[in-house]
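The values are calculated or read from the model by the stated rules, or taken from the named source; none is laboratory data. Computed from a prediction, not measured in an experiment: that's the story for all the values here. Every residue, glycine as well, gets a Cβ built from its backbone with ideal geometry; the counts of neighbours run over all protein chains shown. Accessible surface is based on the protein model in full, side chains and every heavy atom, while ligands, DNA and RNA are left aside. Shrake-Rupley method; radii C 1.70, N 1.55, O 1.52, S 1.80 Å.
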Amino acid sequence: MRRVLTLLAAALCVLVSVAAAASPVIQNIHARQHQSLNGRWNYIIDPYETGFYDYRRQPFDASAGGKGGYFDDRTQVGKGELVEYNFDLSPSMTVPGDWNSQAERLLFYEGTVWLRQVFQADPRPGKNYFLYFGAVNYEAHVYLNGKKLGTHKGGFTPFQFDVTGKLARGRNFVVVKADNKRQQDEIPTVNTDWWNYGGITRDVLLAELPASYIADYKVQLAKGDLKRIEGYVQLAGAARAQAVTVAIPEAGIKVTVMSDANGRAQLSLPVAKMTYWSPENPKLYKVELAAGEDRVVDRIGFRTIETRGRDILLNGKSVFLRGISVHDENPLIPGRLRGAGDMRMILQWAKEMNANYVRLAHYPHSEEMVRLADEMGLMVWAEVPVYWTISWTNPATFANANAQLTDLIVRDKNRSSVIIWSVGNETPVSEPRNDFMGRLVQTARANDDTRLVAAALEVHRRETDIIMEDPLADKIDLISFNQYAGWYWSNPKEMLKWRFNLTQDKPVVISEFGADALGGYHADEDTRWSEEYQELLYLNQFKMLDAIPGLRGMTPWILVDFRSPRRPHPQFQDFWNRKGLVSETGKKKKAFFTLKNYYDDKQKKFK
Ligand code: GCB
C-alpha cells in the first residue's frame, strides 16, 4: 500500500511539474511583435523564503488563494489586515541585471529574491501571448496577476509561458521568485569557479503572435554540403497545415512548401551561388519566413564545419581556431554583461588579439552575444554548465542537463558563428560520468548534426608524457582539454620537460591553459602573479603545443579577469581570478600581446 501511495504521489508530482512547465521557446522572439518588461523591478530579499512557505513550511501557492505569499501584489489592504510586505515601498533594481552588482548587501547573497514589475496590456482577441525570460538564475517561480504560471530551473537558458487569456486589459503585474542557492543535484552543482550571479539576468518580453504562428525554424546548410540548405519550419496555434514561404532574396532563393497536420514543413533548398560565412567575411543573409498572417525575418550566415582526420574544415578549407575563453561578465562595472555595448567591448578585445574564435564558457551566454559573434565574425564554442562534480547517478540531474543542452541548441541552431556544442568541462572520469556525458553527446548529435560536439576534458601525466585517456574522447569530434602546466603543476621553465603524446586521429583544440597575473604587477619571470611569469608561461606553452601534430586551435584561459568566490588572496586576488589577459580595469597585460603575436604568425601559416 505504501508503495502504491508513493507511486501515486510520484505520478502526481510528474503531472504537477508538467502542468507547471514552460512552453517551448519561440525562435527569434526578439524579432516578433513584443513589449519589453525590462526596466526597474521592485524587489524583496527573502533569505528564509517567508513569502513562499508558511510557518509550517507549507508552500502558500499550493494552498487555497495563496494568502500570505509574496506573489500577490497587495498594495491595497483592508484596515486592520496584517500584511508584512509591500512591493511599492521596496527598493528597485534594473532588469535585466544580476542582483549582486546592484546592492552592496547582495554581493555574496545566495537565496531567494522576489521581483515585481507592473505593466499595461491591451490583449486582442485571436492573438497568442507569451511571457518570455531570456534567463533567470537559478530557479524561477513565475506569477501573473497573483496566479502561478510555472517554474523553471537553469540559470542561462530562455523560457516562456503561454499567457493567452490570462492578461487583464490595463494593469497587470508579474512576480518572479528567483532563487540562486547552489545545490549538489543541480546543473551546475555547488562548486564552480565563477560568481553565482542571481536574478533576472536577461530580457523579459511579452510577445504577441497571430492565432497561427511560426514557432520554430532551422535554415542551415546541410552537413558538409555547400550546395544545399536543409531545415524546417514549425507552425503552432490554430491552423497547422498551411503554405509556408521561405525567401533569401539576395541568394535568389524563394520556395513555398505545405506544412503537415503537425505544422511541420521540411526544407531542402538547392544553393546556386552564395557567399559563405567566415571570420574574414561574416556575411549574413536576410531570411524571410511567412505563413498565413505571420511573418518573421532573421539574419543568417551559411557555412559548413567538419573534421577530417586531424583537420578542421570551415567551408571545406582547413582552419586554425585562434581563440580565447570568455565569461559572461563585465570587469569594469562587475556583473553580468548588461547589453550590446558590454558584449561588443568583450568581443572587440578578442578581435584586437586577432582571434577568430571564442569559447563562451562555461554556460550558455545570451542570444545577443551569439548574434554579435555572427556579425563580428567570431566562431563560437558554446557550452552547458556541466562542470566538475555533477551528481552523475541522479536521473533528475541528467534530465536537467539534457534540457539545458537541448534549449541551447534550439535557441542557437541558426547561428553560423556556433561551430561547437560542448557538453561540459573537466568532469572526472568514472563509469556513471562516462554514461551521463555519452548521453549528452547523443542529445547534441540528435538535435543538430551540422556542428561539432566536444567537451573540455582533462589530460594525465605519465613520466614526461601528457596523455589523453578519457573514453569520452572517442565519442566527440575533437581532442579538447584543459591543462595548466606551469601554474597548477610545474613552472614556466620546467614545464618544457613534458611533451604531449596524443594518439587519437582527431584535431586537437586546447580548451584552457593559463596563469594568474595581477595587472600592473611587474617582477622577474620566476615570480608568481607577475605579468612576466604569465608571459613566459604563454611562450613556453606555445612551444609545447606547436609540437602536437594535430594542433588546430586553442582558447587560453581567459580574456578578462573575472570574479570568483574561490579566490580570496587579499593581495593578488581579492575574489578575482587573475588569469585574464586584460585586467579588471580593462588594461591589457603583457601576455595579451604575446598571444596576439602568436596568432598573427598562425594566421600567416594557415593562409
Ligand atoms: C579550470 C576551469 C575554469 C577555472 C580555471 C582556473 O580548469 O575550467 O573554470 O576558472 O581552471 O583558473 O583554475
Would you tally the residues in region 343-361 being assigned to a loop (DSSP other than H, G, I, E, B) and more than 16 Å from the ligand (Cβ to nearest atom)?
4
Could you check region 507-526 and list, in sequence order, the residues that are open to solvent by less than 40 Å² (accessible area, probe 1.4 Å), under 34 Å from the mean Cα position of the chain (by Cα) and away from the ligand (no atom under 16 Å from the Cβ)?
507, 508
Does residue 564 qualify as being among the small types (Gly, Ala, Ser) and within 16 Å of the ligand (Cβ to nearest atom)?
yes
Within region 427-461, track down each residue that is within 21 Å of residue 394 (Cα to Cα), open to solvent by 30 Å² or more (accessible area, probe 1.4 Å) and charged (D, E, K, R).
431, 435, 439
Extreme residue, most open to solvent (accessible area, probe 1.4 Å), among residues of region 462-491 that are more than 16 Å from the ligand (Cβ to nearest atom) and of a type in the set (D, E, K, R)
463
What about residue 383, is it among the acidic types (Asp, Glu) and away from the ligand (no atom under 16 Å from the Cβ)?
no
Hey, residue 139 over 30 Å from residue 239 (Cβ atoms) and within 22 Å of the chain's Cα centre (by Cα) or not
yes
Only one of 69, 80 is of a type outside the set (Ser, Thr, Tyr) and at positive phi, namely 80
Lone qualifier among 247, 243, 239 - being hydrophobic (A, V, I, L, M, F, W, C), open to solvent by less than 20 Å² (accessible area, probe 1.4 Å) and in contact (Cβ under 8 Å) with a residue 24 or more places away in the chain
247
From 217, 232, grab the single residue that is under 26 Å from the mean Cα position of the chain (by Cα) and surrounded by fewer than 19 Cβ atoms within 10 Å (Cβ to Cβ).
232
Could you go through region 334-341 and let me know if any residue there is free of Cβ contacts under 8 Å to residues at least 12 places away in the same chain and either surrounded by fewer than 24 Cβ atoms within 10 Å (Cβ to Cβ) or touching a Pro at 6+ places or on another chain (Cβ under 8 Å) (or both).
yes
Could you tell me whether region 555-578 includes any residue that is of a type in the set (A, V, I, L, M, F, W, C) and out of contact with any strand residue (DSSP E or B) (no Cβ under 8 Å at 6 or more places or on another chain)?
no
Members of region 374-409 found to be of a type in the set (Gly, Ala, Ser) and surrounded by fewer than 24 Cβ atoms within 10 Å (Cβ to Cβ), listed by number
377, 391, 396, 399, 403
Would you point out which residue out of 57, 116, 105 is loosely packed, with under 12 Cβ neighbours inside 10 Å and in contact (Cβ under 8 Å) with a residue 40 or more places away in the chain?
105
Write out, first by first residue and then by second, each pair whose Cβ atoms fall under 7 Å of each other, whose residues are 6+ apart or on separate chains, and whose first residue, in region 185-198, is closer than 12 Å to residue 577 by Cα while the second is in a loop (DSSP other than H, G, I, E, B) and more than 15 Å from the ligand (Cβ to nearest atom).
195/100
Give the residue, chosen from 427, 406, that is β-branched (Val, Ile, Thr) and more than 13 Å from the chain's Cα centre (by Cα).
427
Return yes or no: is residue 40 modelled with pLDDT of 95 or more and of a type in the set (Lys, Arg)?
yes
Could you check region 527-561 and list, in sequence order, the residues that are basic (Lys, Arg), under 25 Å from residue 362 (Cβ atoms) and more than 14 Å from the ligand (Cβ to nearest atom)?
552
Would a scan of region 171-183 turn up a residue that is within 16 Å of the ligand (Cβ to nearest atom) and assigned to a loop (DSSP other than H, G, I, E, B)?
yes
With the condition kept exactly as written, say whether any residue in region 212-228 is touching a residue at least 24 places away in the same chain (Cβ under 8 Å) and within 16 Å of the ligand (Cβ to nearest atom).
no
Pull up region 541-564, narrow it to residues that are in a loop (DSSP other than H, G, I, E, B) and within 21 Å of the chain's Cα centre (by Cα), then point me to the one that is farthest from residue 516 (Cα to Cα).
555
